[in-house]
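Report on one structure; see the data block that follows.
The values are calculated or read from the model by the stated rules, or taken from the named source; none is laboratory data. Keep in mind it's a predicted model, so treat the numbers as computed, not measured. Don't worry about glycine lacking a Cβ; one is built from the backbone with ideal geometry, like all the others, and counts go over all protein chains shown.
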Amino acid sequence: MRALVLVCATSLAVELSACNDAPVGGPRSALATTSPATAQEEASALATATSAVPAVSAPDASASASAPDALDTIPDEMLRRGLLVVVPRSLTKPSPLLIFLHPEGTSGPRFTHDLGVEVIAKMRGFAYATPDGARVSWQASSAAWGAGAPDARQDDELRAIITLAKRKPNIDPARIYAVGWGSGGFMAHHLACSVAGLRGVFSIGGAGPARTDPPCNPPNPVDVVEIHGDKDNRVDYSGGALDPKSLGSKAPLPPYPSAKETFEGWGDRLGCGPASASDALEIFSDLAPGETSVTARTGCRGGARVELWTVRGGTHAIATPHMVHAILNFIEPRGHE
C-alpha cells in the first residue's frame with residue numbers, strides 16, 4: 001500500500017477559471033443552461049457536457065504522498081486506476097466530501113472532469129473523490145453492468161476512502177455522500193446497503209437492489225435520492241432488464257426495480273412516513289418549467305430523507321454540471337439540521 005494522494009485544487013497543473021454557471025434562487029432551485037441530450041446525443045454526452053473545462057494533470061504520487069500509516073492508506077490498485085481525493089485550498093471549515101461513481105465505460109477522473117466538478121468544488125466549497133470500478137464499471141447488482149454478486153474488494157476500497165476522509169480537518173465526517181450515474185447509480189444504492197459512514201447517496205439513472213441481489217441492510221440511516229428521467233432509454237423509469245447484448249453477454253439479466261419501486265423500497269427500509277409531493281425543481285432550461293417533480297418520504301430513522309426526482313422528458317443523459325448544483329442544493333441545508 002501507498003499513501004493516498006490528496007490534491008489541493010490550487011496546486012493543480014492548470015489553474016481553473018471562474019465559473020459563470022452559479023445557481024440562483026432558493027435552496028431547492030438550480031439555474032440550468034444545458035439540456036438533457038437526445039437519444040442520438042447520449043453516446044457523446046460525457047465528452048461534451050463541459051467542454052470549456054480544461055484538462056487537469058494529476059500530480060506525481062511520489063512527490064505528493066505523505067508517509068502512510070494504518071488509517072491513511074489506499075490499495076495500490078486504486079492508485080493505479082487514477083484515484084484522487086481533491087480538497088480545495090479554499091476550504092476553511094469542515095466541508096462535505098462527494099464520492100463520484102462513474103458510469104459504465106469511463107473513469108472517475110473523466111466523469112468528474114466532464115461534470116465540471118473541479119470548478120464547482122471551488123465555487124461551492126466541497127471535497128471530492130474519483131474512484132474507478134475495477135472493470136470500467138461497478139459490480140453493484142446482478143441486474144446491472146458488471147452483473148454478478150457485489151465485489152467485497154470494491155466495498156473495502158471505498159470504506160478506505162471514507163476512513164481517510166474522516167481524519168482530514170477540512171472534511172466533515174458527518175457529510176460524506178456518494179453520487180453515481182448509470183452503473184455508478186446502481187453502485188450508490190449498493191453502498192447505502194453495505195458501507196457505513198455515508199450521510200447520503202444520489203443515484204442518477206440507476207436503480208435500487210434487485211430481487212436477485214443480497215438483502216439490503218443499511219448499516220446506518222442514510223439519505224437516498226433517486227434521480228431519473230421518465231424517458232430514460234437505458235435504465236427504464238418503469239423498471240425492466242438491461243439488454244445483455246449491450247453488455248457482451250448472451251444470457252438475459254434479471255430485472256431491476258422501477259424508479260418508484262426503488263423510492264418506496266428505501267422508504268420502507270428506513271421506516272419513513274408516507275410519500276408526499278415537494279416543491280418542483282427547475283434544472284433544464286429547454287423543458288417545461290418545474291420539469292423535475294420531487295416526491296419525498298420523511299420521518300425516517302435517524303432523520304434520513306428519501307426522495308424521487310422525476311425529470312419529465314429527461315433521458316438517461318441527465319448528469320450535467322447543473323445537476324451537480326441541484327444535488328448540492330439538497331446537501332447544503334442538511335448540514336445545518
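In this entry, Leu253 passes the filter for residues that are surrounded by 19 or more Cβ atoms within 10 Å (Cβ to Cβ), in contact (Cβ under 8 Å) with a residue 60 or more places away in the chain and assigned to a loop (DSSP other than H, G, I, E, B). For the range 201-208, indicate whether the set of residues that are more than 23 Å from Val136 (Cβ to Cβ), crowded, with 23+ Cβ neighbours inside 10 Å, within 18 Å of the chain's Cα centre (by Cα) and modelled with pLDDT of 95 or more is non-empty. No; the residues of the range 201-208 include none that is more than 23 Å from Val136 (Cβ to Cβ), crowded, with 23+ Cβ neighbours inside 10 Å, within 18 Å of the chain's Cα centre (by Cα) and modelled with pLDDT of 95 or more.
What about Glu226, is it closer than 27 Å to Asn329 by Cβ, surrounded by fewer than 24 Cβ atoms within 10 Å (Cβ to Cβ), of a type in the set (Asp, Glu) and out of contact with any Asp or Glu (no Cβ under 7 Å at 6 or more places or on another chain)? No; evaluated as a whole, the condition is false for this residue.
Whenever a residue of the range 259-277 is surrounded by fewer than 19 Cβ atoms within 10 Å (Cβ to Cβ), its partners that are among the hydrophobic types (A, V, I, L, M, F, W, C), lying with C-beta atoms within less than 8 angstrom and at least six residues away or across chains, give the pairs Lys260/Leu308; Gly271/Cys300; Gly273/Cys300; Ala275/Phe263; Ala275/Ala296; Ser276/Ala296; Ala277/Val294; Ala277/Ala296. State whether one or more residues within the range 229-249 are more than 22 Å from the chain's Cα centre (by Cα), charged (D, E, K, R) and either at pLDDT below 95 or part of a loop (DSSP other than H, G, I, E, B) (or both). Scanning the range 229-249 turns up at least one residue that is more than 22 Å from the chain's Cα centre (by Cα), charged (D, E, K, R) and either at pLDDT below 95 or part of a loop (DSSP other than H, G, I, E, B) (or both). Of the residues contained in the range 157-172, none is found to be among the acidic types (Asp, Glu), out of contact with any strand residue (DSSP E or B) (no Cβ under 9 Å at 6 or more places or on another chain), more than 19 Å from Leu91 (Cβ to Cβ) and surrounded by fewer than 23 Cβ atoms within 10 Å (Cβ to Cβ).
Scanning the range 281-318 for residues that are surrounded by fewer than 18 Cβ atoms within 10 Å (Cβ to Cβ), closer than 19 Å to Arg334 by Cα and either more than 22 Å from the chain's Cα centre (by Cα) or among the hydrophobic types (A, V, I, L, M, F, W, C) (or both) gives Gly299, Arg301.
Take Ser183 and decide whether it is within 15 Å of Gly205 (Cα to Cα) and of a type in the set (S, T, N, Q). Criteria met by Ser183. Report yes if some residue within the range 84-100 is out of contact with any strand residue (DSSP E or B) (no Cβ under 9 Å at 6 or more places or on another chain), closer than 20 Å to Leu164 by Cα, buried (at least 17 other Cβ atoms within 10 Å of the Cβ) and at pLDDT 50 or above; otherwise report no. For the range 84-100, residues out of contact with any strand residue (DSSP E or B) (no Cβ under 9 Å at 6 or more places or on another chain), closer than 20 Å to Leu164 by Cα, buried (at least 17 other Cβ atoms within 10 Å of the Cβ) and at pLDDT 50 or above: absent.
Sub-7 Å Cβ pairs linking a first residue in the range 165-184 that is under 28 Å from Thr106 (Cβ atoms) to a second residue that is aromatic (Phe, Trp, Tyr) and not in a strand (DSSP E or B), at least 6 apart or interchain, are Ser183/Trp138; Ser183/Trp145; Gly184/Trp138, ordered by first then second residue.
Look through the range 136-163, keep the residues that are more than 14 Å from Phe186 (Cα to Cα) and of a type in the set (D, E, K, R), and return whichever of them is modelled with the highest pLDDT. Out of the qualifying residues, it is Arg159. Checking each residue in the range 112-132 for being touching a Gly at 6+ places or on another chain (Cβ under 9 Å) and under 21 Å from Asp223 (Cβ atoms) picks out Ala129, Pro131. The set of residues from the range 291-312 being free of Cβ contacts under 8 Å to residues at least 60 places away in the same chain, assigned to a loop (DSSP other than H, G, I, E, B) and either of a type in the set (A, V, I, L, M) or more than 22 Å from Ser258 (Cβ to Cβ) (or both) comprises just one member, Gly299.
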